[in-house]
1. Under a GNM of the chain (C-alpha, springs under 10 Å), which listed residue has the highest mean-square fluctuation: 138, 188, 213?
2. Filter the chain for me: DSSP H helices, axial length by Cα at least 24 angstrom, mean Kyte-Doolittle hydropathy not below 0.0. List them by residue number.
3. Based on the Cβ-Cβ distance of residue 223 and residue 381, what FRET efficiency does E = 1/(1 + (r/R0)^6) give at R0 = 22 Å, to the nearest 0.05?
4. Let me have the relative contact order for the chain, percent, based on Cα pairs under 8 Å that are six or more residues apart.
5. Can you compute the modelled spin-label distance between residue 19 and residue 107, with each label point 7 Å from Cα toward Cβ, in nm?
6. What part of the accessible area of the chain, given as a whole %, is carbon or sulfur when the probe is 1.4 angstrom?
7. Using R₀ = 22 Å, calculate the FRET efficiency as 1/(1 + (r/R₀)^6) where r is the Cβ-Cβ separation of residue 280 and residue 354; round to 0.05.
8. For residue 147, what residues show an amide H to amide H distance below 5 Å, using hydrogens built from the backbone and excluding near sequence neighbours?
Amino acid sequence: MPTPGLHGYTEPWREPEHDDLAEMARTFFLKDVLPHTARLEAQGHPDREHYRRAGELGLLGLSVPEAYGGGGGDFTHEAALLHEQTMAGEGSLGLAVHSGIVTGYLVTFGTEEQKQRWLPGLCSGALVGAIAMTEPDGGSDVQAIRTRAVRDGDDYLVSGAKTFITNGHMADLVVLAVKTDQSAKARGISLLVAETTTETGGFRRGRTLDKIGLHANDTAELFFDDFRVPAANLLGTEGAGFVQLMQKLPQERLVIGVGAVAAMQRAVELATAYAKDRKAFGKVLLDHQNTRMVLAECATRTRVSRVFLDDCIARHVRGELDVATAAMAKLYLTEGQCEVVDRCLQIFGGYGYTTDYPIARMYADARVQKIYGGTNEIMKELIARAL
Ligand SMILES: Cc1cc2nc3c(=O)[nH]c(=O)nc-3n(C[C@H](O)[C@H](O)[C@H](O)COP(=O)(O)OP(=O)(O)OC[C@H]3O[C@@H](n4cnc5c(N)ncnc54)[C@H](O)[C@@H]3O)c2cc1C
């Protein structure tokens, strides 16, 4: 059943293989993961077994070349997977970061040896990936990061703290933004791949943060104190980190946009179904004019968002998605998500405020979309700079 308001619309990039992938993903989320939601929320992180199962099914690293154990696809395949995860209401697995972001850094910037070493594990689910930019003193001003990496023979000694790291409790590999030159701003930043399972000491995971939503996904603090990272784990060259981040952040923002539009679609579906069933004043909610108007507006916003997102996805696959357009997508789609989910929740009345109803979780989960991946205020800055 297509989402109300999306009848007759198909993503221009969609091929039959995306339908097969979507069906397999849907079955995995609904049958393998969702039955465990209450337990996963209580433990505050996903099950490693679920990463492994996703790997077995070929759902991890869809855009990674087959030579490294991936699916050999492109960003449209990642988008189809992430869409299904949100539509299913599955929020434990940090796939948006693991596959949608981390593997991309390794594919683009990794040496042949680095790719051979890490990508197969990320694609099989044996390894979980994270990316760590944000520090306790600030996330928006990436140039001001303070975690330092000092060369010591064949290693770097890394010291500093990162916070709000998605998959931080589980991660075996962390793409870590560090300062290799303390005296420089952007040009002092480098990317290291920290292997957190090495037993060299100097690495500690802090608290898994207690959030208002996304309870089953781990967001954690990471601490480094003269933690040894082999110099061979440098991604690209010293001092290239800021440029690498700027090159990859548009994809991260698109990943967020994919989740935003899927959430809008799901909210409209849920609220429409509820409005067709629930009665007030002797008739179903959908027969009350206000409910009809609200749902018509939400369906329209969702459809327009879908078309814009698909244009951005197509541009990204062609290698033409610019920073400002990606920022527009992140800004517009996440603002739309928060508005649509809020208005759809209202249709549920009191039930919408109880966690028995998925719309309540969607409301809590939506809020962070305007914050991470660069706040929406920073998105406006990026857009304004291009005017
Ligand atoms: C659930 C969750 C998951 C996350 N996952 C990750 C992750 O995996 N990896 C990672 O590195 N980070 C992650 N983050 C961190 C996230 O990216 C940062 O929280 C975000 O970039 C903002 O940084 P900050 O919290 O330090 O806010 P600050 O930078 O302190 O900003 C505070 C406020 O000031 C505003 N502001 C700042 N500068 C300006 C300006 N120039 N103009 C106008 N307004 C401005 C901001 O928009 C914001 O409203 C995550 C955060 C959360 C909550």
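1. Comparing 138, 188, 213 in a Gaussian network model of the chain, the most mobile one is 138.
2. Values: long enough: 241-277 (53 Å, 0.37); 289-317 (42 Å, -0.07); 323-347 (36 Å, 0.54).
Span-like helices, by this rule, are 241-277, 323-347.
3. Once the sixth-power term is evaluated, E becomes 0.15.
4. Working: 718 pairs, mean separation 63.1, N = 387.
Computed over the chain, the figure is 16 percent.
5. Each label point lies 7 Å from its Cα, and together they span 2.5 nm.
6. Heavy-atom surface of the chain belonging to carbon and sulfur, 1.4 Å probe: 52 percent.
7. 0.80
8. 161, 179
The values are calculated or read from the model by the stated rules, or taken from the named source; none is laboratory data. What you are looking at is a predicted structure, and each value in this text was computed from that prediction instead of being measured. Here Cβ is always computed from backbone atoms with ideal geometry, including for glycine, and neighbour counts include all displayed protein chains. Each accessible area value is taken on the protein alone, full model and side chains, heavy atoms only, with ligands, DNA and RNA left out. Shrake-Rupley method; radii C 1.70, N 1.55, O 1.52, S 1.80 Å.
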